[in-house]
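To start, the structure itself, in structure tokens.
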Amino acid sequence: MGHPEEVDVIVCSGGPAGCATTGCPAYANLNLRVMLIKGGASGCDNHWV
């Protein structure tokens, strides 16, 4: 999946607060293009994530 060239909202945080902040505008308006940017390790090797 590629990244869109234009988005309406950018959230720079991948933790629980960032995910909640990203979800609120996305659910409020399904036409919004929301991008979540996360830094650091992916957590793919951690079975708790």
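Of note:
- Here the Karplus curve 6.51 cos²θ - 1.76 cosθ + 1.60, taken at θ = phi - 60°, turns the phi angles of the stretch 20-34 into couplings of 5, 5, 6, x, 4, x, 5, 6, 5, 9, 5, 8, 6, 9, 10 Hz, with x standing for Gly and Pro.
- Legend: ranking of residues V7, V34 from fewest to most surrounding C-beta atoms inside 10 Å; resulting order V7, V34.
Taken together, the values in this text are just the output of simple stated rules run on the coordinates, not laboratory data. Source: prediction; values computed, not measured. Positions of Cβ are generated from backbone atoms using ideal geometry, with glycine treated the same way; all protein chains shown enter the neighbour counts.
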